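The values are calculated or read from the model by the stated rules, or taken from the named source; none is laboratory data. Here the structure is a predicted model, which is why all the values come from computation and not from measurement. Using ideal geometry, Cβ is built from the backbone for each residue, glycine included, and neighbour counts are taken over all protein chains shown.
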Amino acid sequence: MEPLAPAAVRAASMVTKAALNRYRPVGVARVGSAEDRAQSYRRFLDAIAHVIDTQILYFYRRRDAEAAQSRRRRLHARLVELRDEAWRNHTQAQHEVHAALLGIRLCAPAPVLASAEDLVDAVPRFYPRDTWNTLPEDDFLTAHDQCSEVKSTFLDAARRDLAYNPRFWQLLRKYRERKYREQAGRL
């Protein structure tokens, strides 16, 4: 009877292992997993890039429509039409950003969530708060530069969360990364 005991234990463990693996399919992100967080971070960054692009387009279309007000009626009507289309695209992009932020709130740790909310607050406006006067172009572009800095802060927090940065024991990886940065700086 003794030779049967190890075989029975092995068979029971194989059945248990098969049952557990059945509920964890490969390639499917689990809520809160690194894959799920990375996916929500990518979606958020895509939405931020889209809202910034549509906002810049709306800013210039609005400026052009205001400048052409005293010109020919046909040109002004076309510019107003383009401005309204840019506004609709910008509004849709804002909805995407807020949906992506909800995805980050679902699965991200506190430091990444804080930097994501800071990034949403840093997305520049084309007018000062409580007014509808368009910002001067230089101020608008300066605000976009500041937004880029906040975006890099979010990327650093996300990389730290997903453990993309080399660990302290990965000396060769750190050396290669430093060499790459030095070469990229020279180019």
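If a residue has to be part of a helix (DSSP H, G or I), among the hydrophobic types (A, V, I, L, M, F, W, C), farther than 27 Å from D138 by Cβ and in contact with a helix residue (DSSP H, G or I) (Cβ under 8 Å, 6 or more places away or on another chain) to count, how many in the range 71-113 make the cut? Break it down into steps so the answer makes sense when it comes.
Taking the range 71-113 and keeping what is part of a helix (DSSP H, G or I), we get 73-107, 110-113.
Restricting the remaining residues to those that are among the hydrophobic types (A, V, I, L, M, F, W, C) gives 75, 77, 79-80, 82, 86-87, 93, 97, 99-102, 104, 106-107, 110, 112-113.
In the following step, the residues that additionally are farther than 27 Å from D138 by Cβ were identified as 77, 99-102, 104, 106-107, 110, 112-113.
Applying the additional criterion that residues be in contact with a helix residue (DSSP H, G or I) (Cβ under 8 Å, 6 or more places away or on another chain) yields 99-101, 104, 106-107, 112-113.
Within the range 71-113, residues that are part of a helix (DSSP H, G or I), among the hydrophobic types (A, V, I, L, M, F, W, C), farther than 27 Å from D138 by Cβ and in contact with a helix residue (DSSP H, G or I) (Cβ under 8 Å, 6 or more places away or on another chain) number 8.
Across the range 95-114, what is the total count of residues that are at pLDDT below 90 and crowded, with 18+ Cβ neighbours inside 10 Å?
Residues that pass the stated criteria total 2.
Quick grid of which residues meet (1) more than 26 Å from A158 (Cβ to Cβ); (2) out of contact with any Pro (no Cβ under 7 Å at 6 or more places or on another chain); (3) touching a residue at least 24 places away in the same chain (Cβ under 8 Å):
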residue	(1), (2), (3)
L79	yes, yes, no
W87	yes, yes, yes
Q94	no, yes, yes
V97	no, yes, yes
A100	no, yes, yes
C107	no, yes, yes
P111	no, yes, yes
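Out of the residues in the range 148-164 that are more than 18 Å from A47 (Cβ to Cβ) and not acidic (D, E), which is nearest to the chain's Cα centre (by Cα)?
Going through the qualifying residues, I end up with R159.
Does R78 satisfy being surrounded by 17 or more Cβ atoms within 10 Å (Cβ to Cβ) and farther than 20 Å from C147 by Cβ?
No.
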